[in-house]
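Reading through the structure tokens given below for one structure.
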Amino acid sequence: MVFPVLALRMIAFQFMFLLLAIAIEGVVLKRELAMIPRKAMLYATILNLTTTVVGWFIFFAVEAVLPQFLRNELIEFILFNRWTRETAFWGILVGFLTFFASFVMKTFGFTQLEQLLLTQQEWEAQLQKRMSERRLGRRFRRGSGGWVDSNNQARAMLTANACSYSAITVILFTRYLLLNPQFSGFGYFR
């Protein structure tokens, strides 16, 4: 018999990680691309919400086709924080894949969002500027602080994604050490 489980702890952690990622990535975008704070936070919010929703759709699609024993291990890992060596290996591998997939999605989403939020006058000015810059053989995109090289945009998204993933990893590792004091090494968390 299967019992439905409402994973409140998982939902709370997802919400907390989403807020943390938005805050960190917004600050990095503001600093790296010279954006105004409101616009940087708007972009970070939209990009993180989009990648989270797409990520959960992918998770549920993959989970539906897994064999029952893998599905059980996945549910125990996600909901109850119980894992084995094999689960840890797959968790680390999926973590790396998730990092790079979210980077690609956010970079693509950033360029699309930038185009979507332009006014008609900005669009025409950008088109004129691109045409003149294309003659010089350079690729530029318009940012709120002026014209920004598209490589800077990708580097800023990579930095923002790396900072948010690092902060989330530190929180998860600290949580693991607090819940499993036998693995803390020096016993500081007892």
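The values are calculated or read from the model by the stated rules, or taken from the named source; none is laboratory data. Being a predicted model, the structure only gives us computed values, none of them experimental. All Cβ positions, glycine included, derive from the backbone under ideal geometry; neighbour counts span all protein chains shown.
Determine whether Phe80 is at pLDDT 85 or above and of a type in the set (A, V, I, L, M, F, W, C). Before you say what the answer is, go through the steps one by one.
Numbers: at pLDDT 85 or above: no; of a type in the set (A, V, I, L, M, F, W, C): yes.
No: the conditions fail for Phe80.
Phe99 meets all of the listed conditions (1) in contact (Cβ under 8 Å) with a residue 60 or more places away in the chain; (2) farther than 27 Å from Ser166 by Cα but one, namely (2). Within segment 10-52, the set of residues being among the β-branched types (Val, Ile, Thr) and surrounded by 18 or more Cβ atoms within 10 Å (Cβ to Cβ) comprises Ile22, Ile24, Val28, Thr51. Check whether at least one residue in segment 53-61 is over 22 Å from Cys163 (Cβ atoms) and surrounded by 13 or more Cβ atoms within 10 Å (Cβ to Cβ), and report yes or no. Checking segment 53-61: at least one residue is over 22 Å from Cys163 (Cβ atoms) and surrounded by 13 or more Cβ atoms within 10 Å (Cβ to Cβ). Of the conditions (1) under 20 Å from Phe13 (Cα atoms); (2) modelled with pLDDT of 90 or more, Phe59 fails just one. Which one is it? The number of the failed condition is (2).
Would you check which residues across segment 102-119 are part of a helix (DSSP H, G or I) and either loosely packed, with under 13 Cβ neighbours inside 10 Å or without any contact (Cβ under 8 Å) to a residue 24 or more places away in the chain (or both) and list them?
Quick first cut of segment 102-119, residues part of a helix (DSSP H, G or I) only: 102-116.
Passing the criteria: Val104, Phe108, Gln112, Gln115, Leu116.
Got a sec? Which of Val62, Val104, Val94, Val54 is over 21 Å from Ile22 (Cα atoms) and under 14 Å from the mean Cα position of the chain (by Cα)? Before you say what the answer is, go through the steps one by one.
Details: Val62 fails: under 14 Å from the mean Cα position of the chain (by Cα); Val104 fails: over 21 Å from Ile22 (Cα atoms); Val54 fails: over 21 Å from Ile22 (Cα atoms).
None of the other options fit; the residue is Val94.
Just one of the numbered conditions (1) more than 18 Å from Phe13 (Cα to Cα); (2) in contact with a Leu (Cβ under 9 Å, 6 or more places away or on another chain) is not true of Asn48: (1). Take the residues in segment 131-184 that are modelled with pLDDT under 70, in a helix (DSSP H, G or I) and basic (Lys, Arg); name whichever of them is surrounded by the most Cβ atoms within 10 Å (Cβ to Cβ). Checking each candidate, the answer is Arg134.
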